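The values are calculated or read from the model by the stated rules, or taken from the named source; none is laboratory data. Just so it is clear, the model here is predicted, and its values are computed rather than measured. Neighbour counts are summed over all protein chains in view; Cβ atoms, including those assigned to glycine, are modelled from backbone coordinates with ideal geometry. Accessible surface areas use protein heavy atoms only, side chains included; no ligands, DNA or RNA. Shrake-Rupley method; radii C 1.70, N 1.55, O 1.52, S 1.80 Å.
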Amino acid sequence: MRAYTPKDNVQAKAYYTDRYYVSPQVPKQEVASDEVFAADLAAISAKFEVKESYIQVGQMVVYINAQDIYGVLELMRDELAYTQLTEMSAIDWLAKDNSFEIFYQMLSMTKRKRIRIKYFIQKGEAVNSVEKLFRSADWSEREMYDMFGIEANNHPFMKRILMPYDWQGHPLLKTYPLEGDEFAAWYEVDKIYGKEARDIIGPEIRDTARVDRYDSERFARLGFEVPKGTEITGNEEKNENAYQEEGGVFLVKKFDKESSKVIDDPQR
Amino acid sequence: MAQHKVNYTQDGGLPVALTSIDKIVNWGRSNSIWALTYGLACCGIEMMASGASRFDFDRYGTIFRASPRQADVMIVAGTLTKKHAEFIKRLYDQMTEPRWVISMGSCANTGGMFNTYATVQGCDRVIPVDLYLPGCAPRPETLQYGVMLLQKKIRANKAGNAQKPKRLM
């Protein structure tokens with residue numbers, strides 16, 4: 001087995017870097033190459049500051065300032081016919097420059113176009129809620145809060161949506177271990193039985209490939225089953241576990257393989 | 001003579017069978033294992049298939065109940081998340097004794113492929129389990145066999161009031 005290396009911050013350093021590796025970039029086009037997008041961008045940049053804009057995979061990406069988000073989406077919904085907010089969430093760039101990238105994926109059914117509005121916030125900053133504009137932002141912003149810890153101002157119900165309300169930590173942060181931290185590992189034990197039950201129940205077994213035939217607490221060897229907790233020596237009697245006792249069961253007819261009729265011919 | 005009629009030439013002509021209290025109680029219990037409708041994930045589909053006409057759980061007297069108060073066995077069919085752990089414990093506590101638990105499938109047994117922060121690594125961390133069914137998901141035949149083994153387990157025990165605690169807690 002490979003030696004364990006701490007993976008506390010997987011984003012900070014890669015395990016392996018190829019000296020000659022050039023990460024592939026999705027090609028970007030000028031916004032002017034598409035008439036519809038160019039008109040939309042002109043309408044946005046007339047009222048708000050646009051930091052960067054380009055077309056990628058047929059979708060326009062527009063970077064704006066964080067405080068403009070409500071105004072931009074309102075403009076897009078009411079005047080540019082981008083009537084649907086199909087998705088919104090955040091990207092964790094904390095290790096790079098202590099920031100989050102927030103994106104809003106907009107869809108226009110009449111223009112058949114998609115625009116992605118993006119901006120950066122620093123860690124600890126809150127975003128402005130767009131729940132008043134798009135009802136779909138209600139759960140999306142709750143999920144963003146749940147997974148990244150980014151709160152949305154003016155949201156009607158700023159609580160966790162996926163994890164329990166009393167959960168600690170934000171699981172989609174890149175610093176969050178996949179198998180959970182100390183709190184997550186003991187969550188159900190602490191909540192149901194209390195911390196003093198930790199010793200009795202024991203830690204989670206995270207090695208899913210673990211098989212121990214000498215551990216009769218957790219494993220049963222098929223055909224050689226023993227009662228739970230029995231010490232296993234290795235020369236157990238074979239005990240075939242038939243579903244019915246030898247002597248038969250009161251008022252239940254025992255199925256007999258010998259006397260049963262076996263249909264061999266599939267074309268019967 | 002039709003099969004359902006009493007054979008008056010046997011047993012002195014009386015429709016009588018002699019047995020012990022243990023046996024008759026366990027006969028009743030083991031042949032009417034009412035299961036709690038508790039499909040948590042895709043194993044629930046296999047559990048439903050076991051209950052439907054092709055595999056037909058009614059033959060064993062296993063009828064799915066929507067209330068833990070009426071259920072004898074809880075078939076934990078699917079992934080148990082940490083958010084749900086307190087509710088499985090509550091449902092288990094609401095079941096009347098004697099009660100049994102079948103852990104169905106890899107997720108309920110060990111957490112399965114969900115080696116993550118949000119999944120309980122085996123439902124036996126929360127409630128005591130009588131029978132573990134391997135598989136992802138187990139075939140309905142496996143669940144049927146599991147129910148038959150549970151019947152055997154019920155028959156092997158005394159029918160007294162007190163059920164031994166399955167884990168010191």
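Quick notes
- Percent of C-alpha pairs per 5 Å bin, the stretch A:28-130, short to long: 2, 13, 24, 26, 19, 10, 5, 1
- Think of a 1.4 Å ball rolled over the protein heavy atoms: the protein assembly as shown then has 61 Å² of accessible area per residue.
- Residue-wise HN-Hα couplings along the stretch A:27-44, as the Karplus relation 6.51 cos²θ - 1.76 cosθ + 1.60 with θ = phi - 60° gives them from phi, are x, 10, 10, 5, 5, 5, 6, 10, 5, 5, 5, 4, 5, 5, 5, 5, 5, 6 Hz; Gly and Pro carry x.
- Considering only A:Thr233, A:Thr17, A:Thr175, the mean-square fluctuation computed in a Gaussian network model of chain A, springs between alpha carbons under 10 angstrom, is largest for A:Thr233.
- The local environment of A:Val57, defined by Cβ-Cβ distances under 13 Å, has a net charge of +3 under the rule Lys, Arg +1 and Asp, Glu -1.
- Surrounding net charge for A:Asp34, when Lys and Arg each add one and Asp and Glu each subtract one, Cβ distance under 13 Å: +2
- The distance between label points at A:Thr110 and A:Gln59 comes to 2.2 nm (points 7 Å beyond Cα on the Cα→Cβ vector).
- Net charge contributed by nearby residues that have their C-beta within less than 13 Å of A:Ser260 (K/R +1, D/E -1): +1
- Couplings 3J(HN,Hα) of the stretch B:36-50, computed from phi: 6, 5, 9, x, 9, 8, 5, 4, x, 5, 5, 5, 5, 4, 5 Hz, in residue order, whole Hz [Karplus 6.51 cos²θ - 1.76 cosθ + 1.60, θ = phi - 60°; x for Gly and Pro].
- Fluctuation leader among A:Glu35, A:Glu49, A:Glu246 - chain A, Gaussian network, Cα springs under 10 angstrom: A:Glu246
- Pairwise label distance in nanometres, A:Lys132 with B:Cys136, each label 7 Å out on the Cα-Cβ vector: 4.9
- The accessible area of B:Asp93, taken with all protein chains in place and a 1.4 Å probe, comes to roughly 80 Å².
- Within a Gaussian network of chain A (alpha carbon springs, distance under 10 Å), most fluctuating of A:Ile192, A:Ile91, A:Ile44: A:Ile192
- Here is the size of chain A from its Cα atoms: Rg then Dmax, 29.7, 90 Å.
- The convex hull of the Cα atoms of the stretch B:51-169, projected and averaged over all directions, covers 7.8 nm².
- Excluding same-chain neighbours fewer than eight residues apart, the aspartates and glutamates reachable from A:Lys238 by a Cα-Cα span under 16 Å are A:Glu225, A:Glu246.
- Residues whose amide H lies under 5 Å from that of A:Lys113, counting only those 5 or more places away or on a different chain, are A:Ser108; hydrogens are built 1.01 Å from N in the peptide plane.
- Carbon and sulfur %, accessible surface of the protein assembly as shown computed with the full protein complex present, 1.4 Å: 53
- Buried accessible surface for the B/A pair, both sides summed and rounded to the nearest 100, is 2900 Å² with a 1.4 Å probe.
- In percent, rounded to a whole number, the relative contact order of the stretch A:28-130 is 24, using alpha-carbon pairs under 8 Å and six or more apart.
- Listed residue pairs exceeding 31 Å between alpha carbons, taken from B:Lys83/B:Lys158; A:Lys261/B:Lys152; A:Lys195/B:Lys158; A:Lys132/A:Lys195; B:Lys23/B:Lys82: B:Lys83/B:Lys158; A:Lys195/B:Lys158; A:Lys132/A:Lys195; B:Lys23/B:Lys82
- In order along the stretch B:129-134, the phi-based Karplus estimate (6.51 cos²θ - 1.76 cosθ + 1.60, θ = phi - 60°) of 3J(HN,Hα) comes to 10, 8, 9, 10, 9, x Hz; Gly and Pro are listed as x.
- Under a 5 Å amide H cut-off, with hydrogens placed 1.01 Å from N, B:Thr119 pairs with B:Lys82 among residues at least 5 apart or on other chains.
- In the stretch A:28-130, lysine pairs with alpha-carbon atoms under 17 angstrom apart (chain gap of 8 or more, or interchain): 6
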